[in-house]
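Values quoted throughout were computed directly from the atomic coordinates according to the rules given, and no laboratory measurement underlies them. Not measured: the values here are computed from a predicted model. Here the Cβ positions follow ideal geometry from the backbone for every residue, glycine too, while neighbour counts run over all protein chains shown.
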Amino acid sequence: MPTVSVKWQKKVFDGIEIDITLPAYVFKAQLYDLTGVPPERQKIMVKGGLLKDDADWSAIGVKDGQKLMMMGTADEIVKAPEKAIVFAEDLPEEALATNLGYSAGLVNLGNTCYMNSTVQCLKSVPELKSALSNYSLAARSTDVDQTSHMLTVATRELFGELDRSVNAVSPTQFWMVLRKKYPQFSQLQNGIYMQQDAEECWTQLLYTLSQSLKAPTSSEDPDAVKALFGVNLRSRLHCQESGEESSETESVYSLKCHISHEVNHLHEGLKHGLKGELEKTSPTLGRTALYLKDSLIDSLPRYLTVQFVRFFWKRETNQKAKILRKVDYPLELDIFDLCSEDLRKKLEAPRQKLRDEEGKKLGLQTSAKSGSKDSDVKMTDAEASSNGSGESSTVNQQEGASSGKETHMTGIYDLVAVLTHKGRSADSGHYVAWVKQESGKWIQYDDDNPSMQREEDITKLSGGGDWHMAYIIMYKARFVSM
Amino acid sequence: MAPTQDPNSVGGGAKQDEASLKVPSKDPKKKDEKKEEDLSEEDLELKQNLELYVERVQDPNPELQKAALESMRQEIRASTSSMTSVPKPLKFLRPHYGILKAFHVTMADSDLKKYLSDILSVLALTMSAEGERESLGYRLIGTEGDIGSWGHEYVRNLAGEIAQEYTKRQSEEAPIDDLMELVQQIVAFHMKHNAETEAVDLLMDVEDLDLLLEHVDKTNFKRTCNYLTSAAKYLPGPDDMLVLDISYMIYMKFEEYPNALQIALFLDNTQYVKQVFTSCADLLRKKQFCYMIARHGITFDLDDEMVADEDDREALQDIVNNTKLSEGYLTLARDIEVMEAKTPEDIYKAHLLDGRASSGASVDSARQNLAATFVNAFVNAGFGQDKLMTVPSDSTTGSSGNWLFKNKEHGKTSAAASLGMIQLWDVDSGLSQLDKYFHSNDNPIIAGALLGVGIVNCGIKNDCDPALALLGDYIDKEDSSVRIGAIMGLGISYAGSQNDQIRSKLSPILNDAKAPLDVIAFASLSLGMIYVGSCNEEVAQSIIFALMDRSEAELGDALTRFLPLGLGLLYLGKQESVEATAEVSKTFNEKIRKYCDMTLLSCAYAGTGNVLKVQDLLAQCGEHLEKGDIHQGPAVLGLAMVAMSEELGIDMEIRSLERMLQYGEQNIRRAVPLALGLLCISNPKVTVMDTLSRLSHDTDSEVAMAAVISLGLIGAGTNNARIAGMLRNLSSYYYKDASLLFCVRIAQGLVHMGKGLLTLSPFHSERFLLSPTALAGIVTLLHACLDMKPIILGKYHYVLYFLVLAMQPRMMLTVDENLKPLSVPVRVGQAVDVVGQAGRPKTITGFQTHSTPVLLAAGERAELATDKYIPLSPILEGFIILKENPDYREE
């Protein structure tokens, strides 16, 4: 009876006797005792082939001391997971869109980049989207005319379509309605529609929406757009000649950042924009006199829109010329010192809370993260917390700073959208939207071509050259829950 | 002078030119003024003496004549011995050369005439007109005897004239006996005086290298052989073979067996290899030979003639079979501390790319998972552990199964096979881990398991032939993916083995009318690999018939290109042997004819550096063709294949490829990056890197894809930070283009292949030897890359695993006499070319001292930094056995 040695994995079993009169199955049973591998799963390699269960040893001609090799495990056999795995490649286009992390671009219909970029910026406001989705014909107030209604519906449809689609959307319907409502956008030049000022488009569109989204029936949400974008300003008018003072309040949808030689930073521009001179009939003097107007913010919006006043009417050339001056803007804007005394008082407690929270986070993370990373982490974390709180408080939060609510304004804003202009005059050049997604990533919407951008590149859009420069920027308020 | 006329002698030539230039350049400046006016008294006397001698030579009195000749001879000899300037006697005799010549004609034949001939011969050194070869002429009628006494310069000059005379006489078919007599003397002189290169040059000129054998001795044989072997690269066939033959014989004569073996392997001459074994009696040295054979990757069976003792033979055969490769590789990995498994994310390093990197999609992308599978396989190749495939599967999640199923359909094949890659070279545990897939009922998984078995066994031979036993039954299964898995597995594990058993299994498939095209294509490839460089007639016939049987439509299929490639691999590096088959290929359908032609040509001359073939291929690339012709792709690859053998050729080729990029048609431009990748494989040259980086942004996506893959190839296994950075940026640049992103991922996996311990270079042993199986693997992948979409981006992505044939640890591991790893200090530095340099020049520069095992990068060389041990092979690569130095004394 020959004895063989069998090698299995890293082990060698020496001196196994083979009874050559019995079928190979018996040998396999012997190995089962040694290795625990069931015979049906044993693969025994003899010169150039596998050992069959019913093989005849004499035919194989096994020699004394021959080495055999066995393969086989008692392991569980791999099974396909019960729930089949879904692959991105198999998904329909719509499902893919949600996976992309950003929505589609808009096709340029011929000089409509001003409109495309405006739409993309406004679309980034989720509250506006939800307000639009609640909008219905039945709910519309009687004082909204037909064209405004159509524009509102078209906006709603366009936003919806953008979210569903992967490929670029063609905003034909929206554009037609927009031109109908605001015929100035139908200006022709050489037979094609002219480039327009994005700021005008932005203002008009918001105005229309604010009109149509006014829901007189529901008391809780009188003016959704105003709640989102409206800034209340309290101005003090002071006449130097007569020494008389008066104050007035007004509501605007955006702050202006005036650009003069002293302005290098957004903050300076805003301050500049809140101070003004105007001529007015003085009741005491009985004639027109020069008044100094000093405005302060009285209530804060959820979304603070700032327009860089880059264009001015140049009489010589008869067009809107552009100021190329570089004006820096931060990713995180604090407008505390532009607020009125009352507002500041209200803001103090939430701000203190916010500082504490950040301090805590920093304290925890200082050892883990290094220098430059720190601010990023803080930002995104803060973003997340504000998002969370934003959800907990409903959209109908009227005045951000009003007391009694769970979340509070802090006067600190985070940059969420930038509308840039490239070119030398408002009616020419190219408009592009740069929008921060909920994931924290920045997407550049250049008409039908969205592409990812880095956050540090966003702050480089501050002008001072012929590169894209910020024209309208939008900040989102940071909340703190108390 | 010989070297200047022989463009082939590189090292020696330059040096000699320098020496000969020195003589005239020093002379005129210093001596000009002196010459006329102020000759020193000594010189003046010499001059007058010489003039006197010249006069006396013409004297009728033979006694006087003789005395004068003797004196003249004395003067010349005394001065020629120094080589610093033109010897004065020669200078002063110049004006009298004509007179003496004229007188010589008038002399009757006598000893005196011979004496005068000698002197004239020497004078002709400076006086003879170009091409007259007077020096040689007078020499031949002069006295026979010690020519060395006339000085080095004279001998050199003579050698040069002999070479010219020889070619002249050859063409006239005149006898050359008298010349050979002289050659004998000159060679003996050169070999004795450290001028081996000149001796070799002369002998090459007169085509009688055998003479060398008589004249080499212990002191000069190394330099002689070194010069011979490196000259062989630049010689046309069959001279190169002759030269190598001679150097093999010299090495054998001096028992320098490792070098002899190297040459035997280069010549692919089994007889010589055997001879090395039978001539050497030392078992330990034989072990070292076995390591060398194993590294070369050829199948070699030892018989009792080579090793008498059976146990010894078994131990040696184990080494040849590469069974210890896995162990050695893991020793290296542990020493360098890279055992920790890496995930694809560790390679992608997406955190370094802010913003742009794809926003962690929640849904698995099959394409991206497949890329991750390959990256994981390449990076953890041979380590036996990873974080996707080998994680212990717990019953609840069954995570190991999980990753497998995160791949789609054919992707599962690559995923299952990746387990084979992770267990590379470790047959025992590899097979047991792959076992579980054999019991799956999912065909792609079985196919993957079969392929995995092939990969595990790549380069490893085992008595039980587990690969054949396991795969053999699956070749004729119903499902074609399973068949391909088995066929490819066999091709990889038995590459170069010329196993008849497998041929009898695979050949029928080729001519099976029912077999699908892809099965036939892979069968052809596998046969090509198994019989690589064998010129096997029968296999060639089968493939040729298979090619002729293809229908018009099938010939248009991208996979059809594997048929000619399989055919070409049979003749890899075999030069003229291909001609008969190339003739047959002219009868093929015109759709494939040219493609076949180019493939055969490029394979047959791969690694030969044959300039004529390069020109042929360049001419093909120069044509501007109608669209649809695909044969220029393999022609461009062929350029790289032919030229890749030596540095000079590579540099020239890189330059001509650059030219093609500018003027070539699109189909050529697509192949250029791949050719660059082949030329610099695992050798990231900065210029090539830049070119590829530029091309990776090309507007033609196929050029870009090829460039990206090639970036991976040139950086393969180097962890090159610059390429890694480039690829990272490309991954964000192409984040939307799934195909290009896939290529970028693969390239990233290649760069970090084996965590930087592997190389893909088919060259080893100081770039001297070319492993045919390794080259076959690379070339196959490159041919597949010529048409990415249907193959690598389609469902045949597993062709990427053909690279495993070229994967080798780029290590030097020293072992003691019991083959246990032994750590010794070594210096590792940039290799210096010392061919043709006298003395014992430094072979490395800019070295650092490490202790073994160490990694060797491209162009690096190691040397022991201790005298305590003696390495058994002069080429310190791979496994090196160290013997204790008996003369070593501890300080």
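What ranking do B:445-454, B:645-654 get when scored by the average of other Cβ atoms within 10 Å per residue, highest first?
B:445-454, B:645-654
With r as the distance between the Cβ atoms of A:K47 and B:E538 and R0 = 22 Å, compute the FRET efficiency 1/(1 + (r/R0)^6) and round to 0.05.
Once rounded, the FRET efficiency stands at 0.45.
Could you work out, residue by residue across B:463-471, how many beta carbons of other chains sit within 10 Å of that residue's beta carbon, and then give the average as an integer?
6
What's the local net charge at A:A29, with K and R +1, D and E -1, over the other residues with C-beta under 12 Å away?
For residues surrounding A:A29, the net value is -3.
Going highest first, how would you order A:51-64, B:520-533, B:538-551 by mean Cβ packing within 10 Å?
Descending packing order for the listed peptides: B:520-533, B:538-551, A:51-64.
Using 7 Å Cα-to-Cβ label points, what is the B:K586/A:V26 separation (nm, one decimal)?
That separation, rounded to one decimal, is 6.7 nm.
Less than 15 Å Cβ to Cβ from A:G423, Lys/Arg counted +1 and Asp/Glu -1: what total charge do the surrounding residues give?
Once positives and negatives cancel, what remains is 0.
Report, to the nearest 10°, how far helix B:410-422 tilts away from the longest principal axis of the Cα atoms in chain B, using its own Cα long axis and a range of 0 to 90°.
For B:410-422 against chain B, the angle is about 50 degrees.
Here are some pairs, A:K226/A:K436; B:K233/B:K613; A:K322/A:K476; B:K286/B:K883; B:K222/B:K253; B:K287/B:K883; which of them have Cα atoms lying more than 18 Å apart in this structure?
A:K226/A:K436; A:K322/A:K476
Treating only the Cα positions of chain B as identical point scatterers, give the base-10 log of I(q)/I(0) from the Debye formula at each q in 0.05, 0.09 Å⁻¹.
-0.35, -0.92
Just tell me which aspartates and glutamates come within less than 20 Å, Cα to Cα, of B:K574; anything on the same chain fewer than 8 places away is out.
Partners found: B:D239, B:D240, B:D245, B:D268, B:E537, B:E538, B:E583, B:D597, B:D616, B:E646.
Rounded to the nearest 500, what is the 222 nm mean residue ellipticity of the protein assembly as shown from helices alone, with -39500 (n - 2.57) per DSSP H run of 4+ residues and division by all residues?
Value at 222 nm, helices only: -15500 deg cm²/dmol.
Please sort B:817-829, B:279-291 by packing, taking for each peptide the average over its residues of neighbouring beta carbons within 10 angstrom, highest first.
The packing order, highest mean first, is B:279-291, B:817-829.
For segment B:403-535, state the semi-axes of the equivalent ellipsoid (square roots of 5 times the eigenvalues of the alpha-carbon gyration tensor), sorted largest first and rounded to whole angstrom.
Numbers: eigenvalues 96, 67, 26 Å².
Sorted largest first and rounded, they come to 22, 18, 11 Å.
What is the sum of charges around B:Q541, taking Lys and Arg as +1, Asp and Glu as -1, for the other residues whose C-beta is under 13 Å from the C-beta of B:Q541?
Neighbour charge sum, excluding B:Q541 itself: -2.
For A:63-73, what's the mean count of beta carbons from other chains sitting within 10 Å of each residue's beta carbon?
If you average over the peptide's residues, the count of other-chain Cβ atoms is 4.
Pairing the Cα long axis of helix B:686-695 with the longest principal axis of chain B, what angle in degrees results, from 0 to 90 and rounded to the nearest 10?
Once rounded, the angle reads 40 degrees.
Working from Cα positions, state the angle (0 to 90°, nearest 10) between the long axis of helix B:772-785 and the longest principal axis of chain B.
60
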